[in-house]
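A short write-up of the structure that comes next.
The values are calculated or read from the model by the stated rules, or taken from the named source; none is laboratory data. What you see is a predicted model, and the numbers here were worked out from it, not measured in a lab. Backbone-built Cβ (ideal geometry, glycine too); neighbour counts: all protein chains shown.
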Amino acid sequence: MLRFGIMSTAKIGQELVVPAIQDAENCVVTAISSRDPARARSMADRFSVPHAFGSYEEMLASDTIDAVYIPLPTSQHVEWAIKAADAGKHVLCEKPIALKASDIDAVIEARDRNGVVVSEAYMVTYSPVWKKVRSLLAEKAIGQLRHVQGAFTYFNRDPDNMRNIPSLGGGGLPDIGVYPAITTRFSTGKEPVRVQATTDRDPVFGTDIYSSVKADFGDFELSFYISTQLANRQIMVFHGTEGFIEVKSPFNADRWGAEEVELSNQSHARSEIFRFPDSRQYKLEAEAFASAAKGGQNELVSLENSKANQKFIDAIYRASERDGWENI
């Protein structure tokens with residue numbers, strides 16, 4: 001069993017990732033750390049975790065863990081991923097692992113000099129939903145892919161939420177813009193070449209709250225919009241010459257709606273629906289990571305993959321400041 005230490009008592013850890021690790025077959029949470037010892041102890045008691053630490057450094061120095069899960073604010077991801085790797089711990093870090101692609105180089109160096117596994121926690125890449133989309137595209141089930149369309153929106157104007165605080169790495173593109181990017185790249189195996197974009201910022205918070213993006217992948221285009229201040233919506237559609245694929249609950253899976261992939265033919269006269277009623281993508285993520293940390297040949301999100309995805313996001317920011325295409 002790979003022994004995880006959780007770095008902070010963040011909501012995503014408590015609600016999604018820690019229960020998934022505890023439910024996994026090859027890993028377990030053995031420690032919780034927080035700058036507030038009482039919070040660490042409270043969360044440890046909630047999940048029957050034996051060890052609670054009042055600092056991240058103390059947990060990293062402990063022999064009670066083999067790996068860390070990092071759900072800290074985005075602005076702290078690079079710092080603590082490097083510190084954890086230098087402590088000899090494997091690292092599963094929440095997305096985005098960095099706010100600039102160039103910052104990931106230092107994490108790659110830390111991974112390599114310490115011989116540990118470091119991966120960005122894109123749970124969607126472990127989901128049978130997205131693996132099905134990838135296989136359908138590889139089989140040319142919709143003929144030649146010409147266009148991918150996506151949307152990911154929610155409404156949040158809480159001034160105390162890290163998503164609305166620039167110094168903590170807040171903003172729509174780091175939080176949710178990464179998902180249309182990673183799922184398109186994952187399912188097609190293609191990389192964007194250039195991008196056009198417009199981005200709006202909140203006049204009070206200063207964070208990006210809306211982006212409309214058009215990306216050229218050579219053989220096809222991706223167009224998507226994201227927002228932190230629009231009514232909730234999630235959709236991804238892959239449109240080809242002989243049909244289209246619609247992913248009904250593309251990112252938040254069972255928390256959003258039915259986990260379904262619908263394949264329609266050219267005339268839309270026939271469709272086939274693939275259902276995944278209990279994909280449990282966070283559990284699959286934890287199990288794949290634990291297996292890889294123990295030497296298994298599992299497909300993880302590599303740091304090189306993370307850097308390519310962040311280059312895409314960086315280019316969207318640059319494109320938003322000019323007219324025309326921006327090379328990636």
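May I ask you to say which residue of Arg146, Arg134 is touching a residue at least 24 places away in the same chain (Cβ under 8 Å), closer than 30 Å to Ser271 by Cα and part of a strand (DSSP E or B)? Even if it seems obvious, please write down each step before you answer.
Numbers: Arg134 fails: part of a strand (DSSP E or B).
Only one candidate passes the filter, namely Arg146.
If Thr241 satisfies every condition in (1) of a type in the set (S, T, N, Q); (2) within 27 Å of Phe155 (Cβ to Cβ); (3) in contact (Cβ under 8 Å) with a residue 24 or more places away in the chain but one, which is the exception?
It fails just one condition, (2).
Just to verify a result, which residue in the range 303-326, among those that are part of a helix (DSSP H, G or I) and aromatic (Phe, Trp, Tyr), is nearest to the chain's Cα centre (by Cα)?
Restricting attention to the range 303-326, the residues satisfying the condition of being part of a helix (DSSP H, G or I) are 303-319.
Narrowing further to those that are aromatic (Phe, Trp, Tyr): 312, 317.
Numbers: Phe312: 14, Tyr317: 18 Å.
Here the residue is Phe312.
Can you say whether Asn265 is outside the structural domain of Val129 (by TED's automatic domain parsing) and under 23 Å from Thr188 (Cα atoms), as far as the supplied structure shows?
On the way: outside the structural domain of Val129 (by TED's automatic domain parsing): no; under 23 Å from Thr188 (Cα atoms): yes.
No, not satisfied.
Given Glu15, Glu57, which one is at pLDDT below 95 and more than 18 Å from Lys307 (Cβ to Cβ)?
Being at pLDDT below 95 and more than 18 Å from Lys307 (Cβ to Cβ) holds for just one of Glu15, Glu57, which is Glu15.
Conditions first: (1) within 30 Å of Ala101 (Cβ to Cβ); (2) at pLDDT 95 or above. Leu263 passes all but one, so which condition is the exception?
Leu263 satisfies every listed condition except (1).
Being closer than 21 Å to Ala288 by Cβ and either part of a strand (DSSP E or B) or in contact with a Leu (Cβ under 9 Å, 6 or more places away or on another chain) (or both) is the filter here, so list the residues in the range 67-80 that pass it.
Ala67, Val68, Tyr69, Ile70, His77
Please find, within the range 219-249, the residue that is modelled with the lowest pLDDT out of those that are closer than 21 Å to Glu260 by Cα and of a type in the set (D, E, K, R).
Once the filter is applied, the top-ranked residue is Lys248.
Of everything in the range 247-300, what is touching a Phe, Trp or Tyr at 6+ places or on another chain (Cβ under 6 Å) and under 18 Å from Glu120 (Cα atoms)? Give them in sequence order. Don't jump to the end; show me each part of the working.
As a first pass, look at the range 247-300 and keep what is touching a Phe, Trp or Tyr at 6+ places or on another chain (Cβ under 6 Å): 249, 251, 259, 261, 264, 281, 284-285, 288.
Listed by number, the residues that qualify are Phe251, Gln281, Leu284, Glu285, Ala288.
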